[in-house]
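None of the figures in this text is laboratory data; all of them are computed from the coordinates on show. What you see is a predicted model; the values in this text were computed from it and never measured. Cβ sites come from the backbone with ideal geometry, for glycine too, and all protein chains shown count toward neighbours.
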Amino acid sequence: MIAGNRELDMRNSVEAMLHRIARTAWCKGCNEIVDLLTVAEAASVAETNPPTLLLWILKERLHCLDLRGRLLICSSSLQRSEAVTGSLDHRPG
C-alpha cells in the first residue's frame, strides 16, 4: 500500500510539473520566461474584470500571448501593472 501511495505522489508531482511547463512561455515584453494565466485567472488575481485587463493590454501595461486562439496573460506584467495602473483601474473604490 505504501508503494502505491509513493507512485501516486510521484504521478501527481509529474503532472503538476508538466502543467506548469505547459503554462509558461517567453514574454517579449518582459524578456523572460513567465507564467501564463487565462483571462479569468488574471482577472481574479488582479481583482478586476476582463474589460479592464483588455484596457491594460491596449495601454501596453499588460503583456499577453495568443496561443492557438487562446489569449493568455503574462503574470509578471500583471504583477507590475497593479502598481502603476491606478488611473486605469475601473474597480469600485
Output the peptides 25-36, 52-63 sorted from most to least packed, where packing is the average of other Cβ atoms within 10 Å over each peptide's residues.
52-63, 25-36
So for the pair residue 28, residue 67, with labels modelled 7 Å out along Cα→Cβ, what separation do we get in nm?
1.7
Over every pair of different alpha-carbon atoms in region 43-83, take the mean of 1/r and invert it; report that Kirkwood radius in Å.
10.3
